1. Pop a pseudo-label 7 angstrom from the Cα along the beta-carbon direction at both Leu47 and Ser137 and give the gap in nm to one decimal.
2. From largest to smallest, what semi-axes in whole angstrom does region 130-188 give when each is the square root of 5 times an eigenvalue of its alpha carbon gyration tensor?
3. Determine the principal axes of the Cα atoms in region 3-83, then give the extent along each, sorted from largest to smallest and rounded to whole angstroms.
4. Kindly state, to the nearest 0.05, the FRET efficiency for Arg80 paired with Thr55, given R0 = 22 Å and r defined as their beta-carbon distance.
5. Mind giving me the FRET efficiency for Ala20 and Thr156? R0 is 30 Å, r the Cβ-Cβ distance, nearest 0.05 is fine.
6. Mind giving me the FRET efficiency for Ala173 and Ala34? R0 is 35 Å, r the Cβ-Cβ distance, nearest 0.05 is fine.
Amino acid sequence: MSARTDVLLWAQRVLAWQNAPAHQILEVAAGCTAEVAQDAFHKIARLAHPDLHRTTLAAEELELVTRAYARAASAYQELRTQTRTTTRTQPLPRDPPAPPPPRGVARTTVIPGSPPSHQAVALPPAGPVNPTQAMSSRALIYYRKAELSLRRGELTTAVLQLKMAIASDPQSAFLRSALSEVETELAKKP
C-alpha cells in the first residue's frame, strides 16, 4: 500500500473510535510507561503528521487526517499527564476528621477580667497541628497548586506557587521549607 492509503486508513480507524481510551488511540497497552507512549506517538507523527501530506491529499482527506492526528496528540498528552509523577515532595495529607471530644469533659479555660458569662472559651485540640490547618486559606490554595505542579513535574511553576503562598502567609515556616526543598531540586536539574 502507498503512504497515502496507509494514512487515510489510519485516520478512518482513529476517528471511528468515538470514546476510545488514550492507550487504544496510540495502540499501546493500558498502563504503559511514558517512554512507550512517546515512541508510539512519534511513530504516528512520522506516518500521519498533516504537514507531510499537504501536497498529496485532497482538502477533505487532509481535514480527516488532521482531525485524527489531533485526537492522537490529545491521547498522547493524556497518557503523558497520567504517567508523569514526582516523588520530590510528598503531598500533605488532606485534613483528617477531627476526633470527637470526650464525653462529659469540656476543655475550657477562664479568661481573667472577662464577664462571667464569657469566661469559658474552648481551646484548640491538643497534639500536632497539620501544616495545612495552620496556614491561611489563600496560602493553602497556592500550596495545593504547587502540589499539582510538582505532580506534573513543573518545578518552576511550583516555585512560583510556593512564593505566592509565602506572600499570603509570611509566618509559615512549613511553606519556607517546602520552597527551599523545591528550589534545591530545581538547582539539580541541568
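1. 5.3 nm
2. Sorted largest first and rounded, they come to 18, 12, 9 Å.
3. Result, largest extent first: 37, 23, 17 Å.
4. Rounded to the nearest 0.05, the efficiency is 0.10.
5. The formula returns an efficiency of 0.30 here.
6. About 0.50, to the nearest 0.05.
Laboratory data are not the source of any read-out in this text; all were calculated from the coordinates shown. The model shown is predicted, which means the values in this text are computed figures rather than measured ones. Glycine also receives a Cβ, built like all others from the backbone with ideal geometry; neighbour counts cover every protein chain displayed.
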